[in-house]
Amino acid sequence: MCTKAQAPQGIPYQSIIRNVSGSLLFNQSVQVRVTIHDSGALGNIVYQETHATTTSAAAMVIITIGQGSVVTGDFSTINWGSAAKFMQVELDATGGNNYVDLGTQQMMSVPYALYSQSSGDVKIKHYIGEFYGGGVVIDVWRDTSGSEHGTIMALNNIGNVGVNSSYTYIWGPSVLTYDEYNGAINCNLALQNNPDPNSAIALCQNYNAGGFTDWYLPARYEMLNADLIPVRRTLKLMGGATIYPGGFGPSGNSYNMYWTSTTQQYLSSYAYFCYIHLNMYPAGTGYYNAAAMIGIPLGCDRTIQKSAQIYVRPVRRF
C-alpha cells in the first residue's frame with residue numbers, strides 16, 4: 001500500500017520577550033496573537049490564531065504558527081504563492097487578551113512543504129548548508145512567481161589581521177537603518193555616509209569571495225539563520241572555513257557577538273548584534289552550551305554602541 005506524506009502544518013517562531021519597561025520576562029505566562037495578512041501589512045486577514053504559552057528561563061517564547069487556537073481562517077488552505085504574506089505579532093505579557101502590537105513584517109521565507117501544497121509541487125534546487133556562491137547557504141525561499149532565492153554566508157569572519165588581529169571592528173557611521181530582513185538596504189544607506197574603511201559596513205562592501213563582490217552586512221533576522229546545524233556542519237567540512245574564532249567573545253563572555261546592519265529604531269548610534277555559535281566548543285573545554293548543540297539561535301534582541309568592536313560576517317543573495 002502506498003501512502004502520501006502530509007506536510008507539517010506549521011512555521012516555527014521564537015522571540016525574546018520583554019515588558020513595557022524593557023525588562024526580560026522569565027518563566028512567565030503570556031498570550032501571543034499571530035495574524036497573517038494578504039498582500040500588505042494592512043491587507044485582508046487570511047488567518048489568525050492565539051497561543052497561551054510560558055516564556056523560558058532565557059525569556060524566550062517558542063511557538064509553531066499554524067498550531068495555535070484558531071480565531072479565523074484555515075492555516076492549511078492559505079495560498080502562499082498567490083501574493084506576499086505579512087505576519088503581525090501581538091502580545092499580552094500578563095497572559096490575557098489586552099494585546100500590544102509588536103509589529104508586522106513581510107514573510108520572506110515560507111517552508112517549501114507549505115508552498116508546494118498551495119501552489120503545486122516544486123523542485124528544490126538549493127538547500128540550507130549547501131556550499132554555493134562563495135559561501136554556505138543559510139536561507140532559501142521562493143518569491144510569488146515561484147523563482148528561487150537564498151542567502152549565502154561567508155565561510156570566514158572577515159578583517160585584516162595586520163590591522164586587527166582579533167577580527168573585531170566598529171559598525172560604521174552614525175546613520176539610522178531599520179530593515180530587519182535585508183541588510184543590503186541598510187548598508188546602502190550607511191555607505192552614503194562614507195564609513196571608516198575598517199568599519200564592518202565597509203569591510204563587507206569590499207569583500208570578495210568565490211569571485212563575488214556583492215557581499216553586505218546582514219540584517220538582524222538574516223544573521224539568526226547562521227546558527228542552523230546544517231550550516232555549521234558544512235563549515236566543519238570545508239577546509240579553511242572559520243568555525244569558531246577561539247576563546248571568549250570581545251565582551252569577556254563565552255558567546256560570539258556579530259554585528260548586524262539593523263539599528264535600534266530612532267537611535268542611530270546603536271545597532272543590533274547577534275549571539276551565535278558557528279560550532280560547539282572543543283571537547284574538554286567545559287563550555288558546552290545546550291542551545292548551541294541543538295542549533296537554537298541565541299538571538300538578536302540587544303543593541304550595542306556602534307563604536308564597540310565585535311565580529312563581522314558578510315552575506316550575499318542569489
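The values are calculated or read from the model by the stated rules, or taken from the named source; none is laboratory data. On a predicted model such as this, the values are computed, not experimentally measured, just so you know. Methodologically, a virtual Cβ is constructed for each residue, glycine included, from the backbone with ideal geometry; neighbour enumeration extends over all protein chains shown.
Find the helices (runs of 4 or more DSSP H) located wholly in region 146-239 whose residues include 3 or more that are surrounded by fewer than 17 Cβ atoms within 10 Å (Cβ to Cβ) and assigned by TED's automatic domain parsing to the domain that holds Gln305, and list them.
Working: elements: 183-191, 200-205, 220-224, 229-237.
Result: 229-237.
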* **The one condition in (1) touching a Phe, Trp or Tyr at 6+ places or on another chain (Cβ under 8 Å); (2) under 19 Å from Gly135 (Cα atoms) that Thr168 fails to fulfil** => (2)
* The listed residue being within 28 Å of Gln28 (Cβ to Cβ), at pLDDT below 85 and either in contact with a Leu (Cβ under 7 Å, 6 or more places away or on another chain) or surrounded by fewer than 16 Cβ atoms within 10 Å (Cβ to Cβ) (or both), out of Gln105, Gln67 -> Gln105
* **Of residues in region 5-39 being within 19 Å of the chain's Cα centre (by Cα) and not in a strand (DSSP E or B), the one modelled with the highest pLDDT** => Ile17
* Restricting the search to region 71-86, which residues are surrounded by 13 or more Cβ atoms within 10 Å (Cβ to Cβ) and over 15 Å from His51 (Cα atoms)? -> Gly73, Ser76, Ile78, Asn79, Trp80, Gly81, Ser82, Ala83, Ala84, Lys85, Phe86
* Structure fact -> Those residues of region 16-44 which are over 13 Å from Gly95 (Cα atoms) and exposed (fewer than 14 other Cβ atoms within 10 Å of the Cβ) amount to Val20, Ser21, Gly22, Ser23, Phe26, Gly40, Ala41, Leu42, Asn44
* Of everything in region 51-64 that's crowded, with 18+ Cβ neighbours inside 10 Å and modelled with pLDDT of 85 or more, which residue is farthest from Met107 (Cα to Cα)? -> Thr55
